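Please read the structure below before turning to the comments.
The values are calculated or read from the model by the stated rules, or taken from the named source; none is laboratory data. It should be emphasised that the depicted structure is a prediction, and the values quoted were computed from it without experimental measurement. Reconstructed Cβ throughout: ideal geometry from the backbone, glycine too, with neighbour counts over all protein chains shown.
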Amino acid sequence: MKILITLISVLIPPLGLPLGIVGLYFDRKSWKWYVFCLAYAFGASAYCYETTGTSDITRYFEYIEGIKKVSFSHILDYGKYGAEGEALYVFNFICWIAGKLNDPHIVPFISVFLVYYLSFRIYCEIGNDYNIKARDMIWGVLFLVMALNFFSLVNNIRNVLAYIIVGYAVYLDCYKKKRNIMVLLLYVLPIFIHSSASVLIIIRMLLFLAKRGKVAGVAIAMVLAPILEALKNLATNMTADSLKYIRKAIFMAYNYFNDKSAIEWGLEAQASGTERLFKIAYITIMIIMCAYFYFIIREMNKRKDTRASNYFTFVFYIGLMGISCTPMLVPIYWRFSATMIALGGCVFPMSLKAQKKMVVIRQISWIVLYALGALCMCLYIWRMNSGSSLPSVFIQPFYSSPFIKILLDMVRL
């Protein structure tokens, strides 16, 4: 069954969503196949996505058109993003390949596919390790489908992808206890996709510095603005090349709070009813998820389950960072909310085991979370309707498989 479902999903990608869910319910041992089907369905929608206005994805397509004209030896130093201080070696390589194949849609396909694939993979592995019921697993999958903002993921193809890859490295490091060259690369390479990924590496380092990570995390979140002011002053004196990525990340974080040039964009976002609803929904989701993780981490510590506790503490930190972004005019919070949802979707089935004495509270919070997830899905579909061609997202993938299209691109090349 798994091979047939995978084949159907590759040929007709949208069918991978219902078939993958059915497969996970009835054949959990083969979950790796079905996770691919689910992620491929979203990747295909990203591949077929056609914007009808000016958005981030439009600028990225222009970037790809430009980079394809340079030789391979010059792609590492190419681009306006690099001129601003970011060394986008990995991102530039992917864009150059897509440009040479004359198919810029390959880049959003890779980005969105990896975000969903890694999130579903982590979710299913942890769910199987802790013998979560199939029904509860499916409920968690549905929440991921609803709450992950597809519109933002396909338009902002760098930041969340970089965050998720770092998160997957932490998962392999802390939870799977794998510490090899591949894990090291997964820590380092995302910095060359988006330099702010170094923020998550710093969060990972905090796990070493405080046994009571949750308390330290809450304190950091409450005084983040003055901390950034102090770090900015420190970063000004960082002149060594080895520290330039950390310096860049600190300046970026500081500017999100204080950069006057972002005020116009921030005020525009704040004036949008859709953006205000997004912010309320995602901040609330992160608050509830942090509460879930607090109880789960406490339960894991009682059991001396350090691998789960360390990983969940990392995700807990991410949620705190997202909540700390609430005062920002610009909607940077969504990067952390998307990362927390993707890396921490396992919190829902896990909460069944960690909160046996809080049945009523758990049920109410679940209802609230799923209502907010449904609201987020409605909002991002609404945004797609105003900024893109909905048929390209929902209809075209039925007859346009990225795998086949990329093969044809390679043949033509």
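Looking at the range 26-39, I want the residues that are under 16 Å from ILE126 (Cβ atoms) and have a partner that is polar (S, T, N, Q) and in a helix (DSSP H, G or I) with Cβ atoms under 7 Å, at least 6 apart or on another chain. Which pairs are those?
Taking only residues 6 or more apart or on different chains, the pairs are ARG28/ASN128; TRP31/ASN128.
Would you confirm whether any residue within the range 172-183 is touching an Asp or Glu at 6+ places or on another chain (Cβ under 9 Å), assigned to a helix (DSSP H, G or I), modelled with pLDDT of 85 or more and farther than 22 Å from LYS304 by Cα?
Residues of the range 172-183 that are touching an Asp or Glu at 6+ places or on another chain (Cβ under 9 Å), as a first pass: 175-176, 179, 183.
Imposing the further condition that a residue be assigned to a helix (DSSP H, G or I) reduces the set to 175, 183.
Okay, now just the ones that are also modelled with pLDDT of 85 or more, so 175, 183.
Keeping just the survivors that are farther than 22 Å from LYS304 by Cα gives 183.
Yes, that holds for at least one residue.
Can you go through GLY16, GLY53 and tell me which one is in contact (Cβ under 8 Å) with a residue 12 or more places away in the chain and outside any helix (DSSP H, G or I)?
Result of the check over GLY16, GLY53: GLY53.
Go through the range 368-380 residue by residue and tally those that are touching a residue at least 24 places away in the same chain (Cβ under 8 Å) and exposed (fewer than 15 other Cβ atoms within 10 Å of the Cβ).
Taking the range 368-380 and keeping what is touching a residue at least 24 places away in the same chain (Cβ under 8 Å), we get 368-370, 372-377, 379-380.
So of that shortlist, the ones also exposed (fewer than 15 other Cβ atoms within 10 Å of the Cβ) come out as 368.
Summing the residues that are touching a residue at least 24 places away in the same chain (Cβ under 8 Å) and exposed (fewer than 15 other Cβ atoms within 10 Å of the Cβ) in the range 368-380 gives 1.
Return the residues of the range 67-89 that are at pLDDT below 90 and part of a helix (DSSP H, G or I); say none if nothing qualifies.
PHE72, SER73, HIS74, ILE75, LEU76, ASP77, LYS80, TYR81, GLY82, ALA83, TYR89
Looking at the range 106-136, which of its residues are crowded, with 20+ Cβ neighbours inside 10 Å and either touching a strand residue (DSSP E or B) at 6+ places or on another chain (Cβ under 9 Å) or not in a helix (DSSP H, G or I) (or both)?
Scanning the range 106-136 gives a single hit, ILE132.
Can you tell me which of SER30, SER9 is in a helix (DSSP H, G or I), of a type in the set (S, T, N, Q) and either closer than 17 Å to PHE109 by Cα or touching a Phe, Trp or Tyr at 6+ places or on another chain (Cβ under 8 Å) (or both)?
On inspection, the qualifying residue turns out to be SER9.
Kindly provide the set of residues from the range 32-53 that are surrounded by fewer than 22 Cβ atoms within 10 Å (Cβ to Cβ) and farther than 16 Å from SER152 by Cβ, ordered by number.
Residues of the range 32-53 surrounded by fewer than 22 Cβ atoms within 10 Å (Cβ to Cβ): 32-33, 50-53.
Of everything in the range 32-53, those that are surrounded by fewer than 22 Cβ atoms within 10 Å (Cβ to Cβ) and farther than 16 Å from SER152 by Cβ turn out to be LYS32, TRP33, GLU50, THR52.
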